[in-house]
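Okay, structure first, notes after.
Computed from the coordinates by the stated procedures, all read-outs in this text should not be read as laboratory data. Please read all numbers here as calculations on a predicted model, not as lab measurements. Note that we place each Cβ from the backbone using ideal geometry, even for glycine, and neighbour counts take in every protein chain shown.
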Amino acid sequence: MQDFITLCQNRRSIRKYQDRPIEQEHLDYILQCALMSPAGKRCNEWEFYVVTDVDKLRTLKGCRTYGSGMFETAMAAIVVALDANKIDTWQCDGAIAAHNILLAAEDRGIGACWCHVYNREGAEELVKKVVNVPQELTILCVIALGYKDEERKQYDLTKLPYEKVHQD
Ligand SMILES: Cc1cc2nc3c(=O)[nH]c(=O)nc-3n(C[C@H](O)[C@H](O)[C@H](O)COP(=O)(O)O)c2cc1C
C-alpha cells in the first residue's frame, strides 16, 4: 500500500476505463472500506448497491445530461443510498462512505469517479429504474469504477492552496 499522503496525491477522478472486469476481491475490499465509514450517531444508514452488468452501467450514463459520461466505459458502479428521514447527517455519512470508496479504489489501482445524483433532475428516477433501490431511500451518488484508461497528474504538495488553512 502507498503511504496515505501518496494515496491522497494519486487519487484523481478517472472517467475513462479499460474494457477489463474488476475482480470481485477488489470490489469486496472497496465495500469493506465503505462499511467502516464513520457515521453520525453510528446509525450506519447507508446502503450500497453494486452494479457490474454492462448494459445497466451503460444505461446509467443517461441519468444526467452531463457529468455522467464515465458510465460509457465504467466496469462497475456502487450506488450510495440512505434513508434521509432517519438521520440529519445522512449527506455527510453518505459522502464519507463514498470517499472511502474512492480512496479504497485508488489503493487497489482502480480508477473511480463520483457521479452526483441527489438534487440532479431526473437522475434518481433513472438510477432507481436500473438498480433495485427501494423507493424510500435517497440516492446521494453513484461511484463509477474501472481500471484506468486515462492519465491524471498527481497532486503536487508544493502547489496546494495552503492559504485555505488558518491556524491560531
Ligand atoms: C460532491 C461531489 C460531486 C461530484 N459530482 C461529479 C459528477 O456528477 N460528475 C463528475 O464527472 N465528477 C463529479 N465529481 C468529481 C469532481 O469533479 C472532482 O472531484 C474534482 O473536479 C476534483 O478533481 P479530482 O477528483 O481529480 O481531485 C464530484 C465530486 C464531489 C466531491
Legend entry - Antiparallel content of DSSP bridges confined to the chain, in %, to 5: 95
Inset, instruction - Can you check what the net charge comes to around Leu60, using other residues whose Cβ is under 15 Å from the Cβ of Leu60 (Lys, Arg +1; Asp, Glu -1)? - result: +3
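Could you work out the local net charge near Gly94, counting Lys and Arg as +1, Asp and Glu as -1, over the other residues with Cβ closer than 11 Å to its Cβ?
Neighbourhood net charge equals -4.
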Inset, instruction - Could I have the simple spin-label model distance between Asp168 and Glu151, label points 7 Å from Cα toward Cβ, reported in nm to one decimal? - result: 4.3
Inset, instruction - Using only the Cα atoms of region 21-89, build the gyration tensor, take square roots of its eigenvalues as a ≥ b ≥ c, and label the shape rounded, prolate or oblate: rounded if a/c is under 1.5, else prolate if a/b is larger than b/c, else oblate. - result: oblate
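Using the beta-carbon distance between Val50 and Asp3 and R0 = 35 Å, what value does 1/(1 + (r/R0)^6) give for FRET efficiency, to the nearest 0.05?
Computed FRET efficiency for Val50 and Asp3 comes out at 0.80.
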Legend entry - Computed [θ] at 222 nm, deg cm²/dmol, the chain (DSSP H ≥ 4; -39,500 (n - 2.57); rounded to nearest 500): -9000 deg cm²/dmol
Inset, instruction - Can you give me the span-like helices of the chain, meaning DSSP H runs with 24 Å or more of Cα extent along the axis and Kyte-Doolittle mean at or above -0.5? - result: 90-107
Inset, instruction - Using the Karplus curve 6.51 cos²θ - 1.76 cosθ + 1.60 with θ = phi - 60°, work out ³J(HN,Hα) for each residue of region 57-73 in order, rounded to whole Hz, and write x for Gly and Pro. - result: 4, 5, 5, 4, 4, x, 6, 9, 6, 8, x, 10, x, 4, 7, 5, 10
Legend entry - Residues Tyr162, Tyr118, Tyr17, Tyr66, sorted so that the one with the fewest Cβ neighbours within 10 Å comes first: Tyr66, Tyr162, Tyr118, Tyr17
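Counting Lys +1, Arg +1, Asp -1, Glu -1, what net charge surrounds His116 among other residues with beta carbon under 15 Å of its beta carbon?
Numbers: positive: Arg15, Lys61, Arg64, Arg120; negative: Glu121, Glu124, Glu125.
That sum, taken over residues with Cβ under 15 Å, equals +1.
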Legend entry - Overall Cα dimensions of the chain - principal axes, largest extent first, Å: 45, 41, 32
Legend entry - Amide H within-cut-off set for Val117, under 5 Å, with H built and near neighbours excluded: Cys141, Val142
Inset, instruction - Treating cross-link reach as a plain straight distance, find the lysines whose alpha-carbon is under 28 Å from the alpha-carbon of Lys56, omitting any fewer than eight places away in the same chain. - result: Lys16, Lys128, Lys129, Lys148
Legend entry - Phi-based couplings in Hz for region 140-154 (Karplus 6.51, -1.76, 1.60; Gly and Pro marked x): 7, 7, 10, 9, 7, 9, x, 5, 5, 10, 8, 9, 10, 5, 6
Inset, instruction - Could you tell me the distance between the Cα centroids of region 2-32 and region 42-114, to the nearest Å? - result: 13
